[in-house]
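Colleague: Sharing a structure with you now.
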Amino acid sequence: MNVRVRSTNRIGGLLGGPIMLVIGLGILFLGLQWRTFTQNQIAKMLTSEGRVVEVISRTTTSGGERKTYFYPVVEFRTADGESVRFEGSTGSNPSSYRVGDTVRVRYEPQTPQSAVIDSWELWLPSGIVIGVGGFFALIGILTILNALAVLLKWGGLLGLLGIILLRRRRT
């Protein structure tokens, strides 16, 4: 009897699977939109070579635990010859940069102070969202396939019809 209850629960995947699939595809769509937005922003930016002139350490306390992160301060020249200095937005421990390191910088000509270091970190947020969406979509697909496999084991759609009729008689 436990086997039937278990199999009947697996058929619930015909409802839960599509829900997970739709949620996953929605998140995946948002991640791809974010990636496209990032691509478009980068396409508008100019590039320059910058040099790390300082590494700043910042200590934060979270949950009673102290953590220190190191942020690079980069200096570069715009196409107009203006010297600009900015602090990297992402810290790390240990430091990813040393004073004197050369980095590629991306900046908007109108606001060079909002420059960013050209690295994989620009793509990280959209990559995480795409990964989460893909994971949910995959789980949805696997859940649907599992439920369909159980149905085929029971005789296909006739098995599904039988399950529905049995549930109605029980209630």
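Colleague: For Arg58, state whether it is surrounded by fewer than 15 Cβ atoms within 10 Å (Cβ to Cβ), more than 30 Å from Leu21 (Cβ to Cβ), of a type in the set (D, E, K, R) and free of Cβ contacts under 8 Å to residues at least 12 places away in the same chain. So that I can check it myself, show each step before the final result.
Modeller: Working: surrounded by fewer than 15 Cβ atoms within 10 Å (Cβ to Cβ): yes; more than 30 Å from Leu21 (Cβ to Cβ): yes; of a type in the set (D, E, K, R): yes; free of Cβ contacts under 8 Å to residues at least 12 places away in the same chain: no.
Spelling it out, it is not the case that Arg58 is surrounded by fewer than 15 Cβ atoms within 10 Å (Cβ to Cβ), more than 30 Å from Leu21 (Cβ to Cβ), of a type in the set (D, E, K, R) and free of Cβ contacts under 8 Å to residues at least 12 places away in the same chain.
Colleague: Can you report the number of residues in the stretch 93-131 which are hydrophobic (A, V, I, L, M, F, W, C), closer than 26 Å to Ile27 by Cα and open to solvent by 40 Å² or more (accessible area, probe 1.4 Å)?
Modeller: Step one: filter the stretch 93-131 for residues hydrophobic (A, V, I, L, M, F, W, C), giving 99, 103, 105, 115-117, 120, 122-124, 128-130.
Remaining after also requiring closer than 26 Å to Ile27 by Cα: 120, 122-124, 128-130.
Subsequent filtering for residues that are open to solvent by 40 Å² or more (accessible area, probe 1.4 Å) retains 120, 122-124, 128, 130.
The number of residues fulfilling the criteria is 6.
Results for (1) among the β-branched types (Val, Ile, Thr); (2) closer than 21 Å to Phe70 by Cβ; (3) over 26 Å from the mean Cα position of the chain (by Cα), shown as yes or no for each residue.
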| position | (1), (2), (3) |
| --- | --- |
| Gly88 | no, yes, no |
| Val105 | yes, yes, no |
| Glu108 | no, no, no |
| Pro112 | no, no, yes |
| Gly140 | no, no, no |
| Leu148 | no, no, yes |
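Colleague: Continuing with the same structure: State which residue is farthest from the chain's Cα centre (by Cα) when the search covers only the stretch 114-138 and only residues that are at pLDDT below 90 and not hydrophobic (A, V, I, L, M, F, W, C).
Modeller: Result: Ser114.
Colleague: For Leu21, indicate whether it is among the hydrophobic types (A, V, I, L, M, F, W, C), open to solvent by 80 Å² or more (accessible area, probe 1.4 Å) and under 28 Å from the mean Cα position of the chain (by Cα).
Modeller: Values: among the hydrophobic types (A, V, I, L, M, F, W, C): yes; open to solvent by 80 Å² or more (accessible area, probe 1.4 Å): no; under 28 Å from the mean Cα position of the chain (by Cα): yes.
No: the conditions fail for Leu21.
Colleague: If the Cβ limit is 9 Å and pairs must be 6+ apart or interchain, which residue in the stretch 105-117 that is of a type in the set (Lys, Arg) pairs with which residue that is open to solvent by 60 Å² or more (accessible area, probe 1.4 Å)?
Modeller: Short answer, once both residue conditions are applied: Arg106/Leu46; Arg106/Thr47.
The values are calculated or read from the model by the stated rules, or taken from the named source; none is laboratory data. Model, not experiment: these values are computed from the prediction. For neighbour counting, all protein chains shown are included, and Cβ atoms are generated from backbone atoms with ideal geometry for every residue, glycine included. Heavy atoms of the whole protein, side chains included, go into the accessibility calculation; ligands, DNA and RNA do not. Shrake-Rupley method; radii C 1.70, N 1.55, O 1.52, S 1.80 Å.
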